[in-house]
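I am attaching a structure below and will ask some questions about it afterwards.
The values are calculated or read from the model by the stated rules, or taken from the named source; none is laboratory data. All values derive from a computational prediction rather than experimental measurement. Here the Cβ positions follow ideal geometry from the backbone for every residue, glycine too, while neighbour counts run over all protein chains shown. For the accessible areas, the whole protein counts, side chains as well, though only heavy atoms, and no ligand, DNA or RNA atoms are used. Shrake-Rupley method; radii C 1.70, N 1.55, O 1.52, S 1.80 Å.
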2 protein chains.
Amino acid sequence: MAANRQKEIALAAVKLFEQKGYHATSVQDIADEVGLQKGSLYHYIHSKEDLLLQIAHEAITQFNDNMQAVLDTDLTAPEKLVKAVENHITMSVSNMETTTVLLREAFSLGDTQHQVIQDLTDKYVELWTQILEQGSRDGQFHVEQPKVTALAILGACNWVYRWYRESGQLSPTEIARVFSNLFLSGLSG
Amino acid sequence: MAANRQKEIALAAVKLFEQKGYHATSVQDIADEVGLQKGSLYHYIHSKEDLLLQIAHEAITQFNDNMQAVLDTDLTAPEKLVKAVENHITMSVSNMETTTVLLREAFSLGDTQHQVIQDLTDKYVELWTQILEQGSRDGQFHVEQPKVTALAILGACNWVYRWYRESGQLSPTEIARVFSNLFLSGLSG
């Protein structure tokens with residue numbers, strides 16, 4: 001029961017942080033959203049900041065886990081890159097509110113808590129870089145600067161949440177295909 | 001004199017919005033930063049939101065103006081793309097606080113004011129798309145989806161403000177070169 005309540009509170013917080021921003025959302029807003037008194041809400045959470053940390057932590061951990069699963073396969077580097085781009089874009093778009101909170105609001109965390117998210121983000125960049133390094137070793141990619149190239153690809157993918165609309169012409173999978181084609185050609189050049 | 005004061009207030013607001021976020025910055029914080037009473041500050045500004053709109057508007061207008069200048073040249077599409085990437089990255093990095101406020105905080109504007117920024121952002125995407133369309137017409141680029149491809153390239157460039165550090169190995173110009181090489185190879189494939 002408590003676990004369900006905590007899940008419900010986290011979902012309410014994600015929704016409000018996405019709509020109004022972290023700073024503009026009060027603990028009272030979150031309590032109202034789940035139909036609890038503010039005092040009762042504090043039985044389930046320590047602070048608004050802990051909620052933000054929890055949301056951002058779960059989101060970046062999911063991105064990392066999916067990426068690690070791709071790296072653990074026997075796929076070629078180009079195949080891994082296609083899979084990584086598709087995973088990232090479909091996950092961003094199917095959890096748009098969570099992605100927005102991770103990418104737009106996490107800077108509001110205090111220094112220590114923000115560093116936790118930053119370290120996991122650095123890890124994520126490192127995993128993308130490993131795909132480029134594998135492709136370079138195997139002679140399938142021409143990459144001068146694997147990390148900056150990884151940041152270019154990841155940046156393109158991270159921006160999708162800003163412009164994607166369900167009413168748009170392309171599905172997340174089709175967008176991922178356009179992106180992958182661009183990057184694969186770019187890396188083979 | 002009043003114009004100088006307004007400039008000074010806008011600079012203080014950019015600094016605070018970048019450091020603390022728009023919502024966490026009070027009008028009192030801005031007044032303190034420029035050494036004015038809160039009441040006196042209101043001689044120069046209408047509201048905190050107007051300041052945010054002004055900052056975001058100037059920033060996106062500058063990006064658009066620089067891009068229009070590139071489009072107005074007789075350069076080839078690949079040359080224009082190189083120039084556009086370099087302009088965007090060097091401008092982002094040399095005005096890091098303003099770029100951060102534009103890209104991270106503008107969502108806090110009310111609907112009508114946010115639409116002003118959104119329209120100018122749509123215009124910016126359209127200008128990038130025009131370079132890809134020119135390259136496609138001239139047979140220099142293979143582009144299936146010019147707009148989504150423009151969003152990929154712009155996303156990569158827009159993400160630079162999130163990870164760029166002055167202490168990093170590459171200068172903004174070198175980062176722009178890595179990015180341009182990736183995209184030019186990608187578009188020629």
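Quick check, is residue A:106 touching a helix residue (DSSP H, G or I) at 6+ places or on another chain (Cβ under 6 Å), buried (at least 17 other Cβ atoms within 10 Å of the Cβ) and either hydroxyl-bearing (Ser, Thr, Tyr) or at the interface with another protein chain (Cβ under 9 Å from one of its Cβ atoms) (or both)? First the steps, then the outcome.
Values: touching a helix residue (DSSP H, G or I) at 6+ places or on another chain (Cβ under 6 Å): yes; buried (at least 17 other Cβ atoms within 10 Å of the Cβ): yes; either hydroxyl-bearing (Ser, Thr, Tyr) or at the interface with another protein chain (Cβ under 9 Å from one of its Cβ atoms) (or both): no.
Considered against the rule, which asks whether it is touching a helix residue (DSSP H, G or I) at 6+ places or on another chain (Cβ under 6 Å), buried (at least 17 other Cβ atoms within 10 Å of the Cβ) and either hydroxyl-bearing (Ser, Thr, Tyr) or at the interface with another protein chain (Cβ under 9 Å from one of its Cβ atoms) (or both), residue A:106 comes out as no.
Hey, among A:74, A:29, which residue is open to solvent by less than 60 Å² (accessible area, probe 1.4 Å), among the acidic types (Asp, Glu) and out of contact with any His (no Cβ under 8 Å at 6 or more places or on another chain)? Give the steps one after another, and end with the answer.
Values: A:74 fails: open to solvent by less than 60 Å² (accessible area, probe 1.4 Å).
So the residue among A:74, A:29 that is open to solvent by less than 60 Å² (accessible area, probe 1.4 Å), among the acidic types (Asp, Glu) and out of contact with any His (no Cβ under 8 Å at 6 or more places or on another chain) is A:29.
Sticking with this one: Only one of these is open to solvent by 70 Å² or more (accessible area, probe 1.4 Å) and under 22 Å from residue B:89 (Cα atoms): B:23, B:57. Name it.
On the way: B:23 fails: under 22 Å from residue B:89 (Cα atoms).
Just one listed residue meets the conditions, B:57.
Next question, about the same structure. Going by what's in this entry, would residue B:121 be described as open to solvent by 40 Å² or more (accessible area, probe 1.4 Å), among the β-branched types (Val, Ile, Thr) and not in a loop (DSSP other than H, G, I, E, B)?
Yes: the conditions hold for residue B:121.
Taking helices (runs of 4 or more DSSP H) that fall entirely within the range A:1-107, which contain at least 2 residues that are within 22 Å of residue A:130 (Cα to Cα) and assigned by TED's automatic domain parsing to the domain that holds residue A:125? I'd like the intermediate steps shown before the answer.
Numbers: elements: A:2-20, A:27-34, A:38-41, A:48-71, A:77-94, A:96-100.
Fully inside the range A:1-107 and qualifying: A:48-71, A:77-94.
Rundown of residues vs (1) crowded, with 19+ Cβ neighbours inside 10 Å; (2) part of a helix (DSSP H, G or I); (3) assigned by TED's automatic domain parsing to the domain that holds residue B:80, yes/no style:
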{"position": "B:148", "(1), (2), (3)": "yes, yes, yes"}
{"position": "B:153", "(1), (2), (3)": "yes, yes, yes"}
{"position": "B:156", "(1), (2), (3)": "yes, yes, yes"}
{"position": "B:161", "(1), (2), (3)": "yes, yes, yes"}
{"position": "B:165", "(1), (2), (3)": "no, no, yes"}
{"position": "B:168", "(1), (2), (3)": "no, no, yes"}
{"position": "B:174", "(1), (2), (3)": "no, yes, yes"}
{"position": "B:177", "(1), (2), (3)": "yes, yes, yes"}
{"position": "B:184", "(1), (2), (3)": "yes, yes, yes"}
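Does any residue of the range A:126-145 turn out to be within 9 Å of chain B (Cβ to nearest Cβ), within 24 Å of residue A:68 (Cβ to Cβ), under 21 Å from the mean Cα position of the chain (by Cα) and not hydrophobic (A, V, I, L, M, F, W, C)?
No: zero hits.
Looking at the range B:143-172, I want the residues that are in contact (Cβ under 8 Å) with a residue 40 or more places away in the chain and have a partner that is open to solvent by 20 Å² or more (accessible area, probe 1.4 Å) and among the polar types (S, T, N, Q) with Cβ atoms under 7 Å, at least 6 apart or on another chain. Which pairs are those?
If the second residue must be open to solvent by 20 Å² or more (accessible area, probe 1.4 Å) and among the polar types (S, T, N, Q), the pairs left are B:143/B:136; B:172/B:90.
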